[in-house]
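Read the structure below first, then the notes.
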Protein chains: 2
Amino acid sequence: MLTIGTLAKRTGTKVQTIRYYEQIGLMPEPGRTEGGQRRYGNAELDRLAFIRHSRQLGFPLDAIRELLDLSDAPDRPCHEADEIARRQLKLVEQRMRRLKALRAELKRMVKECSGGKASQCRVLEVLRDHSECLTEHDQIGT
Amino acid sequence: MLTIGTLAKRTGTKVQTIRYYEQIGLMPEPGRTEGGQRRYGNAELDRLAFIRHSRQLGFPLDAIRELLDLSDAPDRPCHEADEIARRQLKLVEQRMRRLKALRAELKRMVKECSGGKASQCRVLEVLRDHSECLTEHDQIGT
DNA sequence: CTTGAACCTAAAGTTGCTAGAGGATGTAGC
DNA sequence: GCTACATCCTCTAGCAACTTTAGGTTCAAG
């Protein structure tokens, strides 16, 4: 019988995150002690490890939910899992391309910083000027 | 005199986002018409362009705030701006390294999918198994 | 039996926006 | 001057995926 803290340590998750996963139905409601504390078994440990590994690969929680469902139903065809993975791969490659462009521009900025006053600073100048960059008006970050 | 919609179009921002920037103090409170609609000048257009370009480079709003302050004080030494840019560059490089590892693992998963049933699916198997991957217990996504 | 680490719930905060409701304004054409 | 109607306004809530805080309870070791 594992406490939530042990589960957390073993999977590199925060305790609160585990409770959050329970809240949104990604982890099952575990058994409790008389005093009301959660106690887990190995099945839960495995499930959480699956979730965390998937998160580390960047899968959103919704996709993980689907993957867990598939994982629980061994007779269903697996092309759905494959689909999800391919989609994720595409996203990752998109982000990589974007980051590459960003890195190039940041490198240029840093390299050309005069080290003098803000008024001559290339960093600020480059930020002020859109014209040299790929003006894709879309989202970043995620 | 520019309306908020014009400003939005010119900078590739949504109208609500501009109002949001105003709310958090990143954009100044502009003048208003008698009826209460916002009217902007070119200074505001430039400022917004600066913000958007910085966001496209992945700078968080806090960093942009600092950069704007620097930009407003031309006599301050620019090494702070340089610092911020370097920090950002480091973050970007970190993310790139991480994404590269992810891509490799995703590619492997996709390649080895048998196309059969979920019970033999490598995608699910790989997700179940942490041992082959760099088990860095830290955040992803951002 | 005491101490203190680890547990509990519930609610709010984080980042950077986006979306919707419900209504007011501005401007172009007639 | 009047009517459409695109655009503007405020306010509130929502998104992902958690994290933090507050205020209290339980468990296990010594």
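The values are calculated or read from the model by the stated rules, or taken from the named source; none is laboratory data. Keep in mind that what you see is a predicted model, and the values were worked out from it rather than measured. Ideal geometry is used to build each Cβ from the backbone, glycine not excepted, and the neighbour counts take in all protein chains shown. Surface accessibility is based on the protein's heavy atoms, side chains included, excluding ligands, DNA and RNA. Shrake-Rupley method; radii C 1.70, N 1.55, O 1.52, S 1.80 Å.
Remark: B:Pro30 matches the filter, which requires a residue to be of a type outside the set (Val, Ile, Thr), within 16 Å of DNA strand D (Cβ to nearest atom) and over 18 Å from the mean Cα position of the chain (by Cα). Can you tell me which residue is surrounded by the fewest Cβ atoms within 10 Å (Cβ to Cβ) among those in segment B:35-59 that are closer than 21 Å to A:Leu124 by Cβ, more than 7 Å from chain A (Cβ to nearest Cβ) and small (Gly, Ala, Ser)? Restricting to residues being closer than 21 Å to A:Leu124 by Cβ, more than 7 Å from chain A (Cβ to nearest Cβ) and small (Gly, Ala, Ser), the top hit is B:Ala43.
Restricting segment B:64-80 to residues that are more than 7 Å from every other protein chain (Cβ to nearest Cβ) and surrounded by fewer than 20 Cβ atoms within 10 Å (Cβ to Cβ), which is nearest to B:Ile24 (Cα to Cα)? This residue is B:Arg65.
Is it true that A:Ile64 is within 19 Å of the chain's Cα centre (by Cα), touching a residue at least 24 places away in the same chain (Cβ under 8 Å) and over 30 Å from B:Met96 (Cα atoms)? When the stated conditions are applied, A:Ile64 does not pass them. Look at (1) farther than 26 Å from B:Ala101 by Cα; (2) within 16 Å of DNA strand D (Cβ to nearest atom) and you find that A:Val123 fails only one, number (2). Annotation note: of A:Arg32, A:Arg10, the sole residue that is under 30 Å from B:Arg97 (Cβ atoms) and either open to solvent by 30 Å² or more (accessible area, probe 1.4 Å) or of a type in the set (Lys, Arg) (or both) is A:Arg10. Here B:Gly41, B:Gly58 are screened, and the one residue that is within 11 Å of DNA strand C (Cβ to nearest atom) and of a type in the set (Gly, Ala, Ser) is B:Gly58.
Just the residues that are more than 12 Å from DNA strand C (Cβ to nearest atom) and touching a Leu at 6+ places or on another chain (Cβ under 8 Å), please, taken from segment A:1-20. Don't jump to the end; show me each part of the working.
Step one: list which residues in segment A:1-20 are more than 12 Å from DNA strand C (Cβ to nearest atom), which gives A:11-12.
Across segment A:1-20, the qualifying residue is only A:Thr11.
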